[in-house]
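For reference, the structure is listed below as structure tokens.
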Number of protein chains: 2
Amino acid sequence: MRRASQSVDMKRDQSTEEKIKAAAKKVFMTKGFDGCSVRDIAKEVGSNVALLNYYFRSKEKLFELIFEGAMSDFLQSMIAVFSSDLTLKEKVEQLIDKEFSFFLEHPELPMFILQSLHQNKTDAPMPSHFLEPIANTGIFEQFEKAKAQGEVRDISIRNVTLLLMSNVHYPFMSKKLTMQFHGITAKDFDEDLKKHKEIVKELITNYLFISNTKA
Amino acid sequence: MRRASQSVDMKRDQSTEEKIKAAAKKVFMTKGFDGCSVRDIAKEVGSNVALLNYYFRSKEKLFELIFEGAMSDFLQSMIAVFSSDLTLKEKVEQLIDKEFSFFLEHPELPMFILQSLHQNKTDAPMPSHFLEPIANTGIFEQFEKAKAQGEVRDISIRNVTLLLMSNVHYPFMSKKLTMQFHGITAKDFDEDLKKHKEIVKELITNYLFISNTKA
DNA sequence: CCAAAATTTAAACAATTGTTTAATTTTTTC
DNA sequence: GAAAAAATTAAACAATTGTTTAAATTTTGG
């Protein structure tokens, strides 16, 4: 009688399963795994608790699904930029722009990802199907080449990543802290965000790329 | 018969109350408010659950106490630097150094603060006794003065703060993500951290401070 | 040393947790 | 349109949650 969301019967009503996923995403993202009950999610769906287990077996399984999707989104926005055929500098600038507009649409994502990992809500290491697409864009080679040619400062790709992530993820995680810290409104903060993006773009490109217009 | 940790009887055994606070801090910091039960904390203390309520009335009250302490620590490390009589540039450099060594000792702090605020685990706005000491150091005036004198780029203090916090807090929050992302060990990451600190120091001071040795 | 106060404990509380069962309703299939 | 399958529900489950009660123990003060 029971099924467990096999892809055999894709023809069957998809909307319930999708509705649950959407509700779970919303609730998990805002309250975290520990911060919500399956009944919270069921209420958001507008139906019974047992239905969640009918489709997804357990709260944990449902969470893992949502988390994987979130992680996918999280990394997706990078890939598009990297796989274009721009110069490295253009890619960095575009990455910052794209990441900012992406996180403006999904402001809870960085906090959700980082805190889920922090509290080991997911045990599995990041699956290679997340990372390979990035590596496959050839961005790492492009970077090493630019470094060898003296276009780019001698800095490891890992440190570049940390630099970019810090300045792109953190602002969206720190909204409440920053608002309280400066006693400003959400509107004020959003203005600061815009400015921050421009600052970061100039800051990082200036630092990374060695200008050959020296005089 | 009951008391609620009034400061009247400070003479009385302080060690139990302190032991509970220490255990609560440890557990809350690693698992979050929702991620632990009061029995987890009691087990960490090595005693009964009822004792927590005896001293702190409720899980929430205990949490608020721990959170306030954490927030205090969180901001404290800034104040020491700001109230010294260094130049602005020296203060920024010192701040980055001090924050990094502080968070090396308390790596969970940024995540704990940000995620507690994010999920509204504390309703009260940041008390002024946290912020006033910072304002009282005169750091804001020093900054505006340096800006007026052309020593510092035209940028708002709020954006400077966001820039600094991004680069100082985020790395400690992103350890798991970064390790998975690059497939590196904790040791590798700690090396990256050191390097990141130096990069950020150069990056930010270069950007903020206008060099007058122009030729 | 002894009563009073403070501390600590074990046990129970009602509510909530994730999950399962079994019955019911809806949809599909022939 | 009737039998079979799938979807949905209500109800119950045992376990865990935060909190309270009342009894037991320890510490204090005269």
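The values are calculated or read from the model by the stated rules, or taken from the named source; none is laboratory data. Everything numeric in this text was worked out from a predicted model, so none of it was measured. Note: ideal-geometry Cβ built from the backbone for every residue, glycine included; neighbour counts use all protein chains shown.
Across the stretch B:1-25, the qualifying residues are those that are surrounded by fewer than 17 Cβ atoms within 10 Å (Cβ to Cβ), more than 10 Å from DNA strand C (Cβ to nearest atom) and modelled with pLDDT of 95 or more, and the one among them that is farthest from the chain's Cα centre (by Cα) is B:18. What are the residues in the stretch A:162-197 that are more than 7 Å from chain B (Cβ to nearest Cβ) and under 25 Å from residue B:191 (Cα atoms), if any? Passing the criteria: A:164, A:168.
Looking only at residues in the stretch B:86-137 that are surrounded by 18 or more Cβ atoms within 10 Å (Cβ to Cβ) and among the basic types (Lys, Arg), the one that is farthest from the other protein chains (Cβ to nearest Cβ) is B:91.
Only a single item in (1) free of Cβ contacts under 8 Å to residues at least 40 places away in the same chain; (2) among the acidic types (Asp, Glu); (3) part of a helix (DSSP H, G or I) is not met by residue A:123, and it is number (3). Tally up the residues in the stretch B:138-160 that are more than 9 Å from chain A (Cβ to nearest Cβ) and not in a helix (DSSP H, G or I), please. Adding up the residues that qualify gives 7. Here the condition is being part of a loop (DSSP other than H, G, I, E, B), modelled with pLDDT of 95 or more and within 14 Å of chain A (Cβ to nearest Cβ); of B:28, B:33, it holds for B:33 alone. Please work out which residue is nearest to the other protein chains (Cβ to nearest Cβ), limiting yourself to the stretch B:41-52 and to residues that are near DNA strand D (Cβ under 9 Å from one of its atoms) and buried (at least 17 other Cβ atoms within 10 Å of the Cβ). By that ranking, first place goes to B:41.
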